[in-house]
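Okay, so here's the structure we're looking at.
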Amino acid sequence: MNGCHDVGGMHGFGPIKREDNEPYFHEKWEERVFGLFFGCFAGGHYNLDEFRHSIEHMGPAYFQTSYYEHWLHAMQDLLVRNGTLTHAQIEQRMREFAAQGSA
């Protein structure tokens with residue numbers, strides 16, 4: 001199945017921007033998402049195929065979001081679908097982080 005993200009070999013997306021000595025994470029929240037991925041995976045909340053499938057179904061938002069935003073989308077989607085979390089719980093936690101000024 002081909003999706004909007006299957007762009008291998010296509011032209012017109014501009015140059016790839018590289019940074020000298022690029023860090024693994026640009027922001028603290030990316031590091032947290034990375035850690036959460038492995039915790040949720042090891043906890044049996046999803047498998048790699050489910051994770052990839054969720055990212056593949058982001059639609060056009062795929063092009064407007066970063067690598068770790070793709071991961072965060074997939075985790076939220078899968079944790080809600082499997083009943084581990086609700087949208088309301090996620091939104092409440094986001095409000096708490098915003099109130100604390102946390103990234």
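The values are calculated or read from the model by the stated rules, or taken from the named source; none is laboratory data. In this text, all values refer to a predicted model and were calculated from it rather than measured experimentally. Using ideal geometry, Cβ is built from the backbone for each residue, glycine included, and neighbour counts are taken over all protein chains shown. Heads up: the accessible areas ignore ligands, DNA and RNA and are worked out on the full protein's heavy atoms, side chains in. Shrake-Rupley method; radii C 1.70, N 1.55, O 1.52, S 1.80 Å.
Give region 54-103 a look and list any residue that's surrounded by 11 or more Cβ atoms within 10 Å (Cβ to Cβ) and of a type in the set (Lys, Arg), or say none. Result: Arg81, Arg93.
Among the residues of region 58-98, which ones are among the basic types (Lys, Arg) and under 15 Å from Phe34 (Cβ atoms)? If the condition is that a residue be among the basic types (Lys, Arg) and under 15 Å from Phe34 (Cβ atoms), then no residue fits. Counting only residues that are farther than 21 Å from Lys28 by Cα and of a type in the set (Gly, Ala, Ser), region 57-81 holds 2 of them. There is at least one residue in region 20-39 that is open to solvent by less than 70 Å² (accessible area, probe 1.4 Å), assigned to a helix (DSSP H, G or I), charged (D, E, K, R) and in contact (Cβ under 8 Å) with a residue 24 or more places away in the chain. Among all residues of region 51-71, there is at least one that is part of a loop (DSSP other than H, G, I, E, B) and small (Gly, Ala, Ser).
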